[in-house]
1. Out of ALA140, ALA41, ALA101, which single residue is assigned to a strand (DSSP E or B) and either more than 28 Å from ARG5 (Cβ to Cβ) or hydrophobic (A, V, I, L, M, F, W, C) (or both)?
2. Please find, among ARG69, ARG76, ARG5, the residue that is more than 14 Å from the chain's Cα centre (by Cα) and surrounded by 16 or more Cβ atoms within 10 Å (Cβ to Cβ).
3. Please verify whether THR104 is under 16 Å from CYS143 (Cα atoms) and either of a type in the set (Ser, Thr, Tyr) or modelled with pLDDT under 90 (or both), treating the condition exactly as stated.
4. Looking at region 87-119 only, could you name the residues that are of a type in the set (A, V, I, L, M) and touching a Leu at 6+ places or on another chain (Cβ under 9 Å)?
5. Go through region 115-134 residue by residue and tally those that are basic (Lys, Arg) and surrounded by 15 or more Cβ atoms within 10 Å (Cβ to Cβ).
6. Would you be able to tell me the number of residues in region 93-114 that are farther than 18 Å from GLY46 by Cα and exposed (fewer than 15 other Cβ atoms within 10 Å of the Cβ)?
7. May I ask you to say which residue of THR92, THR48, THR68 is polar (S, T, N, Q) and assigned by TED's automatic domain parsing to the domain that holds VAL159?
8. On the given criteria, is THR205 surrounded by fewer than 19 Cβ atoms within 10 Å (Cβ to Cβ) and of a type in the set (S, T, N, Q)?
Amino acid sequence: MPTIRAALFDLDGVIIDTESQYSGFWGAIGREFRPDVPDFAERIKGTTLESIYNNWFTHLQDELPEITRRLNDFERQMQYPYINGACNFIKTLRKVGIKTAIVTASNDLKMQGVHRAHPELTSLFDRILTSEDYATGKPAPDCYLEGARGFGLSPEECVVFEDSINGLRAGCESGAYVVALTTTNPLEAVAPLAHTVVKDFEELTLDTMLRSFTA
(Lines give C-alpha, C1' and ligand atoms only; values in the text may rest on other atoms or scores of the structure.)
Protein backbone atom coordinates (compact mmCIF):
# COMPACT_ATOMS: atom_id res chain seq x y z
CA MET A 1 0.00 0.00 0.00
CA PRO A 2 1.49 3.39 -0.98
CA THR A 3 2.22 6.05 1.58
CA ILE A 4 2.25 9.82 1.26
CA ARG A 5 5.63 11.00 0.03
CA ALA A 6 4.70 14.45 -1.29
CA ALA A 7 2.09 17.13 -0.63
CA LEU A 8 1.01 19.36 -3.52
CA PHE A 9 -0.70 22.59 -2.52
CA ASP A 10 -2.76 25.00 -4.54
CA LEU A 11 -1.96 28.58 -3.52
CA ASP A 12 -4.95 30.93 -3.41
CA GLY A 13 -7.56 29.72 -0.95
CA VAL A 14 -5.25 26.97 0.30
CA ILE A 15 -1.97 28.54 1.43
CA ILE A 16 -2.96 32.21 1.27
CA ASP A 17 -6.40 33.66 1.95
CA THR A 18 -6.99 35.65 -1.24
CA GLU A 19 -10.04 34.13 -2.90
CA SER A 20 -12.48 36.75 -1.61
CA GLN A 21 -10.22 39.46 -3.04
CA TYR A 22 -10.14 37.74 -6.43
CA SER A 23 -13.89 37.23 -6.35
CA GLY A 24 -14.32 40.98 -6.03
CA PHE A 25 -11.90 41.73 -8.87
CA TRP A 26 -13.18 39.14 -11.34
CA GLY A 27 -16.77 39.82 -10.37
CA ALA A 28 -16.30 43.44 -11.46
CA ILE A 29 -14.54 42.36 -14.67
CA GLY A 30 -17.35 39.92 -15.41
CA ARG A 31 -20.05 42.53 -14.88
CA GLU A 32 -18.27 44.92 -17.23
CA PHE A 33 -17.13 42.58 -19.99
CA ARG A 34 -19.23 39.39 -19.60
CA PRO A 35 -22.58 40.51 -18.15
CA ASP A 36 -24.11 37.48 -19.86
CA VAL A 37 -22.33 35.24 -17.30
CA PRO A 38 -23.66 36.22 -13.86
CA ASP A 39 -21.44 33.71 -12.01
CA PHE A 40 -18.31 34.58 -14.00
CA ALA A 41 -16.03 34.94 -10.96
CA GLU A 42 -16.99 31.46 -9.74
CA ARG A 43 -16.52 29.80 -13.12
CA ILE A 44 -12.95 30.96 -13.58
CA LYS A 45 -11.65 30.07 -10.10
CA GLY A 46 -8.53 27.93 -10.16
CA THR A 47 -7.80 28.50 -13.85
CA THR A 48 -4.87 30.27 -15.48
CA LEU A 49 -5.11 33.74 -16.97
CA GLU A 50 -4.44 32.25 -20.40
CA SER A 51 -7.34 29.86 -19.92
CA ILE A 52 -9.63 32.68 -18.79
CA TYR A 53 -8.78 34.71 -21.87
CA ASN A 54 -9.06 31.75 -24.26
CA ASN A 55 -12.37 30.54 -22.83
CA TRP A 56 -14.14 33.80 -22.12
CA PHE A 57 -12.61 36.71 -24.03
CA THR A 58 -11.87 35.47 -27.55
CA HIS A 59 -14.27 38.11 -28.93
CA LEU A 60 -12.71 40.89 -26.85
CA GLN A 61 -9.06 40.78 -27.88
CA ASP A 62 -8.72 44.56 -27.89
CA GLU A 63 -9.74 44.70 -24.22
CA LEU A 64 -7.22 42.14 -22.98
CA PRO A 65 -4.31 44.55 -22.43
CA GLU A 66 -6.53 46.75 -20.25
CA ILE A 67 -7.81 43.77 -18.23
CA THR A 68 -4.23 42.55 -17.78
CA ARG A 69 -3.12 46.01 -16.63
CA ARG A 70 -5.94 46.14 -14.08
CA LEU A 71 -5.09 42.64 -12.82
CA ASN A 72 -1.41 43.49 -12.41
CA ASP A 73 -2.27 46.69 -10.52
CA PHE A 74 -4.71 44.78 -8.34
CA GLU A 75 -2.22 42.03 -7.48
CA ARG A 76 0.46 44.56 -6.56
CA GLN A 77 -1.90 45.95 -3.90
CA MET A 78 -3.31 42.65 -2.63
CA GLN A 79 -2.91 41.35 0.89
CA TYR A 80 -1.55 37.82 1.26
CA PRO A 81 -2.53 36.48 4.71
CA TYR A 82 -1.97 32.79 5.39
CA ILE A 83 -4.84 30.34 5.72
CA ASN A 84 -5.20 29.29 9.38
CA GLY A 85 -2.67 26.66 10.36
CA ALA A 86 -1.02 26.42 6.93
CA CYS A 87 2.56 27.18 7.94
CA ASN A 88 2.62 24.88 10.97
CA PHE A 89 1.05 22.04 9.00
CA ILE A 90 3.60 22.36 6.19
CA LYS A 91 6.48 22.46 8.69
CA THR A 92 5.13 19.26 10.25
CA LEU A 93 5.09 17.52 6.86
CA ARG A 94 8.67 18.53 6.19
CA LYS A 95 9.84 17.30 9.60
CA VAL A 96 8.73 13.77 8.72
CA GLY A 97 10.32 13.87 5.27
CA ILE A 98 7.25 14.56 3.12
CA LYS A 99 8.17 16.70 0.10
CA THR A 100 6.12 19.86 -0.44
CA ALA A 101 5.25 21.87 -3.55
CA ILE A 102 3.02 24.76 -4.53
CA VAL A 103 1.10 24.01 -7.72
CA THR A 104 -0.72 27.17 -8.74
CA ALA A 105 -2.56 28.64 -11.71
CA SER A 106 -0.90 31.96 -10.90
CA ASN A 107 1.91 33.21 -13.12
CA ASP A 108 5.47 34.19 -12.23
CA LEU A 109 4.63 37.89 -12.07
CA LYS A 110 1.95 37.28 -9.42
CA MET A 111 4.34 35.03 -7.48
CA GLN A 112 6.87 37.85 -7.25
CA GLY A 113 4.34 39.76 -5.13
CA VAL A 114 3.69 36.70 -2.98
CA HIS A 115 7.42 36.23 -2.38
CA ARG A 116 7.78 39.89 -1.38
CA ALA A 117 5.06 39.39 1.22
CA HIS A 118 6.33 35.96 2.31
CA PRO A 119 10.05 35.46 1.57
CA GLU A 120 9.94 32.42 3.85
CA LEU A 121 8.00 30.45 1.21
CA THR A 122 11.22 29.17 -0.30
CA SER A 123 12.03 27.45 2.99
CA LEU A 124 8.58 25.85 3.22
CA PHE A 125 8.43 24.31 -0.25
CA ASP A 126 10.80 22.14 -2.26
CA ARG A 127 9.24 23.26 -5.55
CA ILE A 128 6.94 26.06 -6.72
CA LEU A 129 5.12 25.42 -9.99
CA THR A 130 3.31 28.27 -11.74
CA SER A 131 1.20 28.47 -14.90
CA GLU A 132 4.39 28.68 -16.95
CA ASP A 133 5.35 25.15 -15.90
CA TYR A 134 2.58 23.17 -17.60
CA ALA A 135 0.75 23.33 -20.91
CA THR A 136 -2.87 22.86 -19.84
CA GLY A 137 -4.39 24.42 -16.75
CA LYS A 138 -6.92 23.12 -14.26
CA PRO A 139 -9.33 21.29 -14.41
CA ALA A 140 -6.90 19.23 -16.51
CA PRO A 141 -4.60 17.18 -14.24
CA ASP A 142 -1.35 18.25 -15.96
CA CYS A 143 -0.17 20.51 -13.14
CA TYR A 144 -0.49 17.81 -10.48
CA LEU A 145 0.99 15.14 -12.73
CA GLU A 146 3.98 17.44 -13.24
CA GLY A 147 4.15 18.08 -9.50
CA ALA A 148 4.42 14.35 -8.80
CA ARG A 149 6.82 13.78 -11.70
CA GLY A 150 9.15 16.49 -10.41
CA PHE A 151 9.67 14.44 -7.25
CA GLY A 152 10.05 11.18 -9.16
CA LEU A 153 6.78 9.93 -7.68
CA SER A 154 3.49 8.54 -8.92
CA PRO A 155 0.36 10.65 -8.24
CA GLU A 156 -0.83 7.87 -5.93
CA GLU A 157 2.04 8.74 -3.59
CA CYS A 158 0.89 12.37 -3.38
CA VAL A 159 -1.80 14.30 -1.57
CA VAL A 160 -3.34 17.35 -3.24
CA PHE A 161 -4.80 20.27 -1.28
CA GLU A 162 -7.39 22.32 -3.15
CA ASP A 163 -10.31 24.67 -2.66
CA SER A 164 -11.72 25.45 -6.12
CA ILE A 165 -13.96 23.13 -8.13
CA ASN A 166 -11.59 23.26 -11.11
CA GLY A 167 -8.62 22.47 -8.86
CA LEU A 168 -10.39 19.59 -7.14
CA ARG A 169 -11.27 18.09 -10.51
CA ALA A 170 -7.62 18.35 -11.52
CA GLY A 171 -6.53 16.61 -8.33
CA CYS A 172 -9.05 13.81 -8.74
CA GLU A 173 -8.15 13.29 -12.39
CA SER A 174 -4.47 13.04 -11.51
CA GLY A 175 -5.07 10.03 -9.27
CA ALA A 176 -3.75 11.69 -6.11
CA TYR A 177 -5.41 11.64 -2.70
CA VAL A 178 -7.39 14.90 -2.50
CA VAL A 179 -8.06 17.09 0.53
CA ALA A 180 -10.60 19.89 0.01
CA LEU A 181 -10.66 23.07 2.06
CA THR A 182 -13.99 24.87 2.46
CA THR A 183 -12.31 28.27 2.26
CA THR A 184 -13.97 29.06 -1.08
CA ASN A 185 -16.84 26.62 -1.62
CA PRO A 186 -19.28 24.98 0.82
CA LEU A 187 -18.83 21.42 2.02
CA GLU A 188 -21.65 20.06 -0.13
CA ALA A 189 -19.96 21.41 -3.28
CA VAL A 190 -16.46 20.04 -2.59
CA ALA A 191 -17.22 16.77 -0.78
CA PRO A 192 -17.97 14.76 -3.97
CA LEU A 193 -14.56 15.76 -5.35
CA ALA A 194 -12.39 14.94 -2.32
CA HIS A 195 -11.37 12.10 -0.04
CA THR A 196 -11.25 14.40 2.99
CA VAL A 197 -12.81 17.83 3.64
CA VAL A 198 -11.59 20.34 6.24
CA LYS A 199 -12.30 23.96 7.08
CA ASP A 200 -8.60 24.84 7.27
CA PHE A 201 -5.32 23.33 8.46
CA GLU A 202 -6.18 23.80 12.11
CA GLU A 203 -8.75 21.04 11.58
CA LEU A 204 -6.24 18.64 10.05
CA THR A 205 -3.42 16.75 11.76
CA LEU A 206 -0.76 14.68 10.08
CA ASP A 207 -1.88 11.53 11.90
CA THR A 208 -5.50 12.01 10.78
CA MET A 209 -4.43 12.54 7.19
CA LEU A 210 -2.16 9.48 7.15
CA ARG A 211 -4.87 7.28 8.66
CA SER A 212 -7.37 8.45 6.04
CA PHE A 213 -4.87 7.91 3.24
CA THR A 214 -4.20 4.29 4.19
CA ALA A 215 -7.80 3.42 5.14
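The values are calculated or read from the model by the stated rules, or taken from the named source; none is laboratory data. It should be emphasised that the depicted structure is a prediction, and the values quoted were computed from it without experimental measurement. Cβ atoms come from the backbone with ideal geometry, glycine included; neighbour counts cover every protein chain shown.
1. Working: ALA140 fails: assigned to a strand (DSSP E or B); ALA41 fails: assigned to a strand (DSSP E or B).
After applying the criteria, what remains is ALA101.
2. Criteria check complete, one pass: ARG5.
3. Numbers: under 16 Å from CYS143 (Cα atoms): yes; either of a type in the set (Ser, Thr, Tyr) or modelled with pLDDT under 90 (or both): yes.
Spelling it out, THR104 is indeed under 16 Å from CYS143 (Cα atoms) and either of a type in the set (Ser, Thr, Tyr) or modelled with pLDDT under 90 (or both).
4. Once the filter is applied, which keeps residues that are of a type in the set (A, V, I, L, M) and touching a Leu at 6+ places or on another chain (Cβ under 9 Å), region 87-119 yields ILE90, LEU93, VAL96, ILE98, ALA101, ILE102, VAL103, ALA105, MET111, VAL114.
5. Pass one, region 115-134, residues basic (Lys, Arg): 116, 127.
Now drop any that are not surrounded by 15 or more Cβ atoms within 10 Å (Cβ to Cβ), which leaves 127.
The total comes to 1.
6. Residues in region 93-114 being farther than 18 Å from GLY46 by Cα and exposed (fewer than 15 other Cβ atoms within 10 Å of the Cβ): 4 in total.
7. Being polar (S, T, N, Q) and assigned by TED's automatic domain parsing to the domain that holds VAL159 holds for just one of THR92, THR48, THR68, which is THR92.
8. For THR205, the condition - surrounded by fewer than 19 Cβ atoms within 10 Å (Cβ to Cβ) and of a type in the set (S, T, N, Q) - is met.
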